[in-house]
Amino acid sequence: RILENRNKISEVVCMVQKEVAERISAGPGSKTYGILSVLLQAYFTIEFLFKVSPAVFYPRPKVNSAVIRLSRNEVSQLACNENLFVQIVKTCFNQRRKTIKNSIRKISGDITIESDLIHKRPEQLSVDQFVELTRITGIRM
């Protein structure tokens, strides 16, 4: 819901499972960097604030928690088709061991793209590079 209502939200501070917080705040090159990381970081600046021990809860949960802050960045609209951006990010990370070229073949057919980006794996691309990839694919939805 945060993404759907991003233009109405300036900041979110929330406590989530520690692994989810790490996934949301992960950067390119990290094993935990994924769909959630890219989609949220496209519109928010993410800060991992602190861990919360299970010992502070009653009853004690079996998972660790963490508090994160999502602050709305200056991006009101991506410089690409946003629906296609989401589709490309999800498609690439659902096949994260494949190169981008092989992942997006499913949605782009045998489109020829002249870019070094297509020879990388999804966890190597920043949000801006995913935006660029979306722009250069030329796929129309």
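The values are calculated or read from the model by the stated rules, or taken from the named source; none is laboratory data. Values in this document were obtained by computation on a predicted structure and should not be read as measured data. Every residue, glycine as well, gets a Cβ built from its backbone with ideal geometry; the counts of neighbours run over all protein chains shown. All accessible areas refer to the heavy atoms of the entire protein, side chains included, with ligands and DNA or RNA removed. Shrake-Rupley method; radii C 1.70, N 1.55, O 1.52, S 1.80 Å.
Mind checking which lysines have their Cα closer than 22 Å to the Cα of residue 51? Skip sequence neighbours fewer than 8 apart in that chain.
18, 31, 62
Quick one, can you get me the convex hull of the C-alpha atoms of region 28-141 expressed as volume per residue in Å³?
127 Å³
Using the Cα centre as the reference, give the magnitude of the dipole from point charges on the C-beta atoms of region 7-63 (Lys, Arg: +1; Asp, Glu: -1; all else neutral), rounded to the nearest 20 debye.
240 debye
Please work out how much length the chain gains when fully extended from residue 56 to residue 20, using 0.36 nm per residue of separation minus the C-alpha to C-alpha distance, in nm with one decimal.
11.1 nm
Taking Cα centroids, how far is region 1-31 from region 72-106 in Å?
Centre-to-centre distance over Cα atoms comes out at 17 Å.
Given +1 on the Cβ of Lys and Arg, -1 on the Cβ of Asp and Glu, and no further charges, what dipole in debye does the chain carry about its Cα centre, rounded to the nearest 20?
With only Lys, Arg, Asp and Glu charged at Cβ, the dipole is about 600 debye.
How far apart, in nm, are two points set 7 Å out from the Cα along the Cα-to-Cβ line at residue 81 and at residue 31?
Each label point lies 7 Å from its Cα, and together they span 3.6 nm.
log10 I(q)/I(0), Debye, Cα-only region 1-77, no solvent, q = 0.18 Å⁻¹?
Cα-only, vacuum Debye calculation for region 1-77: -0.73.
Measure off, as a whole percent, the carbon and sulfur share of the 1.4 Å-probe accessible area of the chain, all protein chains present.
47 percent
Can you compute the FRET efficiency between residue 73 and residue 136 using 1/(1 + (r/R0)^6), with r the Cβ-Cβ distance and R0 = 22 Å? Round to the nearest 0.05.
Efficiency at R0 = 22 Å is approximately 0.45.
Using helices alone, I'd like the mean residue ellipticity at 222 nm for the chain: each DSSP H run of four-plus residues gives -39500 (n - 2.57), total over residue count, nearest 500.
It lands at -10000 deg cm²/dmol.
If R₀ is 35 angstrom, what is the calculated FRET efficiency for the pair residue 102 and residue 11, using the beta carbon separation as r and rounding to 0.05?
That gives a FRET efficiency of 0.35.
Tell me the net charge near residue 37. Cut-off is 10 Å between Cβ atoms, residue 37 excluded, with +1 for each Lys or Arg and -1 for each Asp or Glu.
Summing Lys and Arg as +1 and Asp and Glu as -1 gives -1.
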